[in-house]
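The values are calculated or read from the model by the stated rules, or taken from the named source; none is laboratory data. From a predicted model like this one, the values you see are computed outputs, not experimental measurements. Because the Cβ atoms are built from the backbone with ideal geometry, glycine has one as well, and the counts that use them run over all protein chains shown.
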């Protein structure tokens with residue numbers, strides 16, 4: 001049965017639809033991720049066209065059912081000018097959108113996911129346009145996504161014997177930290193030094209905006225990526241194309257560590 005819903009949302013992707021329309025994937029607070037058609041959005045006189053192609057929070061009136069809706073009305077709630085003016089921030093936002101799309105079944109509403117999405121945009125908008133801030137936020141996006149999806153590895157206790165962290169390894173197949181006593185010589189392991197474990201736990205618990213107050217070094221960010229991304233992309237069943245694009249963009253950023 002068709003319904004009319006008023007809800008805030010963020011456009012995750014948009015493309016042409018027929019002669020003058022736009023077909024967008026929008027993550028909404030009320031409905032989760034849905035496909036939205038705006039029939040005349042590409043006409044110069046359409047106020048919806050500009051909004052559907054911006055990184056912004058939009059208040060929308062949608063009409064439809066399931067995961068397919070028609071846009072009846074739209075108004076701008078929050079714009080993010082700092083993201084629009086920075087190619088590197090825009091790439092990081094595109095990666096965040098890909099994480100949301102891969103983690104969210106169509107029509108499955110999750111208020112935590114919408115809050116995570118909007119908090120991520122707010123944090124990226126206020127971050128400095130430099131390597132450490134953008135990469136720190138990217139790692140924070142990823143690790144919080146693991147938490148929201150219910151697949152966060154264990155870092156503070158050995159997954160085998162339960163002892164508190166006292167040095168050891170990260171074993172992906174076992175789901176987290178393994179102490180030196182429980183590690184097996186034939187396992188694929190990564191060293192998990194105390195400073196890396198503490199940084200991972202910090203990013204899990206603190207707000208996204210707070211993560212850039214103590215930005216990661218390049219070495220720490222790279223070590224984190226080896227732990228976080230394999231788990232996340234295995235859960236998705238693929239590596240988002242935007243991840244590789246973002247890595248290329250990060251190489252061009254000024255590095256200050």
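Before moving on, here are some points about what is shown:
- Qualifying residue in region 169-181 (condition: touching a residue at least 40 places away in the same chain (Cβ under 8 Å), in the same structural domain as residue 245 (by TED's automatic domain parsing) and either closer than 29 Å to residue 84 by Cα or surrounded by 14 or more Cβ atoms within 10 Å (Cβ to Cβ) (or both)): no
- For residue 74, the test of being touching a helix residue (DSSP H, G or I) at 6+ places or on another chain (Cβ under 7 Å) and either more than 27 Å from residue 125 (Cβ to Cβ) or at pLDDT 85 or above (or both) is passed.
- Selected residue [touching a residue at least 60 places away in the same chain (Cβ under 8 Å) and part of a helix (DSSP H, G or I)] from 100, 83, 57: 100
- Meets criteria (in contact (Cβ under 8 Å) with a residue 60 or more places away in the chain, farther than 20 Å from residue 123 by Cβ and touching a helix residue (DSSP H, G or I) at 6+ places or on another chain (Cβ under 6 Å)) for residue 212: no
- In region 15-27, residue surrounded by the fewest Cβ atoms within 10 Å (Cβ to Cβ) [restricted to those that are more than 12 Å from residue 74 (Cβ to Cβ) and at pLDDT 90 or above]: 23
- Failed item in (1) at pLDDT below 95; (2) assigned to a helix (DSSP H, G or I); (3) surrounded by fewer than 21 Cβ atoms within 10 Å (Cβ to Cβ), with residue 89 passing the rest: (3)
- Residue check for residue 122: in a helix (DSSP H, G or I), modelled with pLDDT of 95 or more and surrounded by fewer than 18 Cβ atoms within 10 Å (Cβ to Cβ): yes
- Any hit, region 183-190, residues being surrounded by 16 or more Cβ atoms within 10 Å (Cβ to Cβ), part of a strand (DSSP E or B) and free of Cβ contacts under 8 Å to residues at least 40 places away in the same chain: no
- Subset of region 44-67 (residues that are in contact with a strand residue (DSSP E or B) (Cβ under 9 Å, 6 or more places away or on another chain) and farther than 25 Å from residue 122 by Cα): 46, 63, 64, 65, 66, 67
- Residues of region 140-160 that turn out to be outside any loop (DSSP other than H, G, I, E, B) and touching a strand residue (DSSP E or B) at 6+ places or on another chain (Cβ under 7 Å), as a count: 2
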